[in-house]
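What follows is a set of notes on a single structure, which appears directly below.
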Amino acid sequence: MREHLAGYRSHTTLLAGTVFVLVTGGLFYFGGLILAICLGIGAVAFLASFIALRRAGGGQGRARRANRDRDPSPARARGIGDPQP
């Protein structure tokens with residue numbers, strides 16, 4: 001969950017994929033539905049959980065890291081902590 005909240009898209013995909021497997025397997029084994037129907041419902045569950053997880057905080061991680069690298073802190077801009085020649 002920590003990686004997902006930090007904005008790593010692959011972890012969001014992994015969590016949504018887990019939802020897909022659980023929904024598809026549950027419907028197939030416990031619901032007795034045809035596999036094609038289970039896969040379709042599982043795909044919808046995957047998409048819904050992926051979107052929900054991205055909106056829950058996983059969507060801004062790369063943007064925050066990019067802005068941090070582009071906009072250095074005032075201490076770094078003044079060269080504090082740099083070795084003196």
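Below are the figures for this structure:
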read-out: A16 at pLDDT 60 or above and surrounded by fewer than 10 Cβ atoms within 10 Å (Cβ to Cβ); value: no
read-out: Residue ID - nearest to the chain's Cα centre (by Cα), chosen from residues in segment 27-47 that are exposed (fewer than 13 other Cβ atoms within 10 Å of the Cβ) and assigned to a helix (DSSP H, G or I); value: V44
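The values are calculated or read from the model by the stated rules, or taken from the named source; none is laboratory data. Owing to the predicted nature of the structure, the values given are computational and were not obtained by experimental measurement. Cβ: placed from backbone, ideal geometry, glycine included. Neighbour counts: every protein chain shown.
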